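The values are calculated or read from the model by the stated rules, or taken from the named source; none is laboratory data. Note that the coordinates shown come from a computational prediction; the quantities given were computed from them, not determined experimentally. Because the Cβ atoms are built from the backbone with ideal geometry, glycine has one as well, and the counts that use them run over all protein chains shown.
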Amino acid sequence: MSFDIVITGVGGQGTVLAARVLAAAAMAAGLPVRTSEIIGMAQREGVVMSQVRFGDPLWGALIPDRKADLLLGFEPAEAVRGLPKLKPAGVAVVNTTPVIPVTAALGLSAYDPQACLAYLREKVPRLYLLEASRLAAEAGHPRAVNSVLLGAAAALDLLPFSAGSLLDCLLAAVPEKYREVNRRAFEAGKMAVG
Amino acid sequence: MPKHLLLGNEAIAWGLVEGGLQVAAAYPGTPSSEVFGTLARLAPTKGFYAEWSVNEKVALEVAAGAAYAGARAAVSMKQVGLNVAADPLMALAYIGVKGGLVLVVADDPGPHSSQTEQDTRLFARFAGLPVLDPATPQEAKEMAKAAFALSEVLGLPVILRPTTRVAHVGQDVGIDETVVSPPFTGKFAKDPRWVIFPSLAAKRHVWLNRQQEAAQKLLAATPFNVFREAESELGILASGVSATYAEEALFELGLKVNLFKIGTPYPLPIEPVLSFLKRLKRLLILEELEPVVEDQVIRLAWQHRLPVEIAGKHDHLVPREGEFNVDLVRKIIAFFAGVADQLPPEMVLPPLPARPPVLCAGCPHRASFYALKKAAEGTDAVFTGDIGCYTLGNAPPLSMVDTCLCMGAGINIAAGLFRVGPARKQVAFLGDSTFFHAGLPGLVNAVYNRAAITIVVLDNRTTAMTGYQPHPGTGRNAAGKPAPVIEIAALARACGVEFVRVVDPYDLAEAVRVAREALAFPGPAVVVMRRECVALAQPKKPCRVDREKCLECNLCIEELGCPALAPGPQITPACTGCGLCAAVCPAGAISGGELS
Ligand SMILES: Cc1ncc(C[n+]2csc(CCOP(=O)(O)OP(=O)(O)O)c2C)c(N)n1
């Protein structure tokens with residue numbers, strides 16, 4: 001059995017860390033893993049997508065279209081942009097707080113976050129929408145969105161490892177002084193879908 | 001061996017260390033930078049030497065010197081970096097090396113973050129050097145480790161060519177953490193073989209061509225070419241990462257086809273490929289970018305009068321541009337094998353906003369561009385750009401990058417434009433790392449040939465675009481230790497530039513004043529816009545909008561395009577407190593900021 005996760009968001013939101021934490025938890029569970037990231041220019045507030053695959057069989061790191069079991073969307077428009085990767089019966093966990101791109105602030109391109117959320121509701125049978133940005137801020141840091149989404153994913157009884165193991169991997173990946181904030185954010189994510 | 005989650009680039013670094021690396025030099029470039037980033041971290045404990053060099057040519061020459069003496073040396077760079085290092089590389093193929101020399105050159109099909117999609121395997125063929133094309137991080141590590149011995153047996157540098165989807169792919173890879181580099185105890189032996197006169201070149205050219213045969217045989221004996229037999233008259237030959245896509249596509253399609261994974265695309269191992277061809281009626285060749293394997297296979301098939309039909313780039317079945325993925329390869333294989341394939345219908349997405357990468361909130365480059373824009377208002381000045389984060393200054397509303405070609409070109413393009421438009425103001429922007437990489441010769445040339453252009457060095461104290469590497473202006477070396485600081489302003493003065501100013505772009509009024517002076521100066525002028533990259537600086541208190549005073553004129557948004565300014569205008573938590581918006585607000589409604 002293999003399991004594919006696609007993580008979409010905006011450069012700077014912490015998608016890369018989320019991918020690494022999921023991969024670390026899979027490795028701790030004894031599973032072979034592949035991750036794929038786009039590092040470079042896109043990290044400057046551009047569209048970013050990380051991919052995590054684990055289990056067996058496993059070949060390349062790129063998930064084919066309509067194959068991902070789980071989508072973690074850090075932002076409504078980016079969740080939609082990543083949706084073609086998700087299985088028709090896949091699960092999506094999506095942060096409802098939009099990040100308004102400069103093109104939209106300048107009126108050069110239109111962004112209707114509500115329309116994106118409506119589209120997700122229509123297309124994704126198992127959709128979990130949460131205000132991850134607010135939960136992260138309440139947990140102590142607006143950048144802990146990734147921990148909120150990981151917590152939510154862990155609570156869904158989908159992943160081949162426990163929430164506790166995922167949390168351990170998360171805490172091992174963040175600097176000491178941010179551990180408490182991330183622990184709280186993770187728990188808040190768990191509660192939000194539980 | 002204990003397994004770690006490693007990026008391909010990290011795995012390569014470990015492979016080099018396990019292979020006995022003694023000297024490493026590099027210049028950063030996506031997607032190669034983490035190779036040396038990892039080596040820089042490992043160097044102190046593993047006991048090898050590691051330096052960030054000022055450019056790729058320098059890095060290769062430093063490594064070549066070490067390999068002349070017999071040390072095992074490695075360089076890393078991105079594919080276009082090899083263009084910069086092409087001069088030493090071509091001659092080095094003739095001269096050869098004594099110690100193993102490995103070039104890690106990362107290709108970027110797509111391209112995701114490069115100015116070209118060039119194929120380093122083709123460069124290897126051009127230079128006559130063996131090239132290894134890994135499919136996974138694990139294999140990339142094995143190749144890096146094996147490459148030193150290949151290089152020493154052949155007396156030739158060896159190229160290891162990961163693509164983005166190996167370099168930036170993570171895998172559970174086993175590494176030997178206890179390994180340390182053997183200390184170098186050899187000595188450079190003087191010998192005419194190191195001096196490339198035309199007479200020597202003529203002899204070495206014959207030698208180099210003969211080595212292709214030796215290389216081909218040696219590569220055939222490596223474990224990097226893998227044949228998986230199937231009961232079929234069809235076969236697929238796939239180079240590097242394409243092999244993983246082919247395997248998954250075959251699995252998805254439920255097809256049994258002979259599969260030969262090529263890890264050594266040049267020179268192609270003749271015997272194993274020939275025996276593969278002999279069992280087939282039809283062959284599909286899968287490789288990203290250029291038909292490097294395909295051309296060699298077609299030649300072999302013709303030479304040996306093999307009746308196999310060959311599908312690939314030459315019949316336009318396989319694209320020659322862009323990167324592959326499982327879906328694309330699956331379509332190609334289904335067509336090749338003549339099987340029907342049911343793919344789910346494509347999703348029709350609602351309209352989505354464009355989200356191109358932009359300068360970060362608080363990026364000092366935004367302030368520098370804005371200062372020049374204000375200073376040049378009302379003129380038809382041309383703004384030539386260069387390569388770095390600041391290339392993003394081309395987007396509206398700044399629209400301050402009119403040209404971008406390759407690293408170091410900006411100054412010279414401006415000088416060329418000046419020759420055919422001397423009445424027009426030409427402003428060349430380049431970053432501090434770019435200045436040291438290839439900007440300096442352009443500066444000297446502009447002074448020497450009296451090009452009356454304005455050169456603006458965007459000195460953010462780092463190589464930001466590729467991951468914040470140090471450079472000669474930063475006072476730190478690869479190990480993070482103190483290093484001599486080479487001052488850009490002092491260099492410009494020493495080159496004979498009469499107008500040289502250093503200014504903080506966050507001090508907008510002063511920056512505009514200095515920019516005006518520079519534009520008015522009748523000769524080459526240099527302005528160093530000096531302010532640390534916001535990603536490295538201590539975060540400051542965010543700015544605030546005073547709703548009472550705000551005219552809602554939106555000028556801050558429309559002039560600056562800062563990602564921390566949302567419609568309202570509102571300042572988001574992304575604000576770093578640079579204060580540029582406060583400086584442009586006509587109503588004094590924004591407070592906070594670095595210099596307030
Ligand atoms: C020949 C070559 N080598 C390396 C690169 C990769 N690269 C892109 S931008 C850049 C450096 C940018 O640094 P700097 O000029 O200081 O600008 P910053 O990104 O800090 O604004 C590098 C190394 C390249 N594009 N071409």
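For the stretch B:226-263, the set of residues classified as outside any strand (DSSP E or B) and free of Cβ contacts under 8 Å to residues at least 60 places away in the same chain consists of B:E229, B:A230, B:E231, B:S232, B:E233, B:E247, B:F251, B:G254, B:K256, listed by residue number. Being of a type in the set (D, E), closer than 30 Å to A:P32 by Cα and within 16 Å of the ligand (Cβ to nearest atom) holds for only one residue in B:E18, B:E10, B:E34, B:E51, and it is B:E34. The set of residues in the stretch B:266-318 being under 25 Å from B:A215 (Cα atoms) and of a type in the set (D, E) consists of B:E271, B:E287, B:E288, B:E290, B:E294, B:D295. So is B:A446 farther than 28 Å from B:V58 by Cβ and in contact (Cβ under 8 Å) with a residue 24 or more places away in the chain or not? Considered against the rule, which asks whether it is farther than 28 Å from B:V58 by Cβ and in contact (Cβ under 8 Å) with a residue 24 or more places away in the chain, B:A446 comes out as no.
Checked against (1) in contact with a Phe, Trp or Tyr (Cβ under 9 Å, 6 or more places away or on another chain); (2) within 12 Å of the ligand (Cβ to nearest atom); (3) away from chain A (no Cβ under 14 Å); (4) under 16 Å from B:M407 (Cβ atoms), B:A428 meets all criteria but (2). Scanning the stretch B:242-274 for residues that are out of contact with any strand residue (DSSP E or B) (no Cβ under 9 Å at 6 or more places or on another chain) and within 14 Å of chain A (Cβ to nearest Cβ) gives B:E248, B:A249, B:F251, B:E252, B:L253, B:G254. Scanning the stretch B:351-398 for residues that are at positive phi and either surrounded by fewer than 22 Cβ atoms within 10 Å (Cβ to Cβ) or within 11 Å of the ligand (Cβ to nearest atom) (or both) returns B:G378, B:G388.
Exactly one residue out of B:S232, B:S239 is touching a strand residue (DSSP E or B) at 6+ places or on another chain (Cβ under 9 Å), farther than 25 Å from B:P109 by Cβ and not β-branched (V, I, T): that is B:S232. For the stretch B:128-141, the set of residues classified as buried (at least 22 other Cβ atoms within 10 Å of the Cβ) and not basic (K, R) consists of B:L129, B:P130, B:V131, B:L132, B:D133, B:P134, B:A135, B:T136, B:P137, B:E139, B:A140, listed by residue number.
Answer yes or no as to whether B:K261 is surrounded by fewer than 17 Cβ atoms within 10 Å (Cβ to Cβ) and closer than 27 Å to A:P57 by Cβ. Spelling it out, it is not the case that B:K261 is surrounded by fewer than 17 Cβ atoms within 10 Å (Cβ to Cβ) and closer than 27 Å to A:P57 by Cβ. If the condition is being away from the ligand (no atom under 15 Å from the Cβ), within 35 Å of the chain's Cα centre (by Cα) and surrounded by 21 or more Cβ atoms within 10 Å (Cβ to Cβ), then the stretch B:527-549 contributes only B:V527.
Within the stretch A:10-39, the set of residues being touching a residue at least 24 places away in the same chain (Cβ under 8 Å), more than 9 Å from chain B (Cβ to nearest Cβ) and at positive phi comprises A:G14 only. Of all the residues in the stretch B:448-475, those that are crowded, with 17+ Cβ neighbours inside 10 Å and either part of a helix (DSSP H, G or I) or more than 14 Å from the ligand (Cβ to nearest atom) (or both) number 3. Considering B:S239, B:S199, B:S151, the condition of being of a type outside the set (A, V, I, L, M), farther than 30 Å from A:L62 by Cβ and crowded, with 24+ Cβ neighbours inside 10 Å is satisfied by B:S151 alone. State whether one or more residues within the stretch B:339-350 are more than 11 Å from chain A (Cβ to nearest Cβ), at pLDDT 95 or above, in contact with a Leu (Cβ under 9 Å, 6 or more places away or on another chain) and surrounded by 22 or more Cβ atoms within 10 Å (Cβ to Cβ). Taking every residue of the stretch B:339-350 in turn, none turns out to be more than 11 Å from chain A (Cβ to nearest Cβ), at pLDDT 95 or above, in contact with a Leu (Cβ under 9 Å, 6 or more places away or on another chain) and surrounded by 22 or more Cβ atoms within 10 Å (Cβ to Cβ). Reported count of residues in the stretch B:4-36, each being within 14 Å of chain A (Cβ to nearest Cβ), in contact with a Pro (Cβ under 9 Å, 6 or more places away or on another chain) and surrounded by fewer than 24 Cβ atoms within 10 Å (Cβ to Cβ), is 0.
Out of the residues in the stretch B:57-96 that are away from the ligand (no atom under 16 Å from the Cβ) and touching a Phe, Trp or Tyr at 6+ places or on another chain (Cβ under 7 Å), which is nearest to B:F126 (Cα to Cα)? Within the stretch B:57-96, the match that is nearest to B:F126 (Cα to Cα) is B:I95. So is B:P269 in contact with a helix residue (DSSP H, G or I) (Cβ under 6 Å, 6 or more places away or on another chain) and closer than 18 Å to B:H304 by Cβ or not? The answer is yes for B:P269.
Only one of the numbered conditions (1) surrounded by fewer than 22 Cβ atoms within 10 Å (Cβ to Cβ); (2) within 11 Å of chain B (Cβ to nearest Cβ); (3) of a type in the set (G, A, S); (4) over 26 Å from A:F54 (Cβ atoms) is not met by A:G140, and that is (2). Among the candidates B:V502, B:V527, the residue that is at pLDDT 95 or above and farther than 17 Å from B:I411 by Cβ is uniquely B:V502.
The set of residues in the stretch B:14-39 being within 26 Å of B:F436 (Cα to Cα) and touching a Gly at 6+ places or on another chain (Cβ under 8 Å) consists of B:Q22, B:Y27, B:P28, B:G29, B:T30, B:P31, B:S32, B:S33, B:E34, B:G37. On the given criteria, is B:K331 assigned to a helix (DSSP H, G or I), away from the ligand (no atom under 16 Å from the Cβ) and either among the hydroxyl-bearing types (S, T, Y) or modelled with pLDDT of 95 or more (or both)? So B:K331 fits the description; yes.
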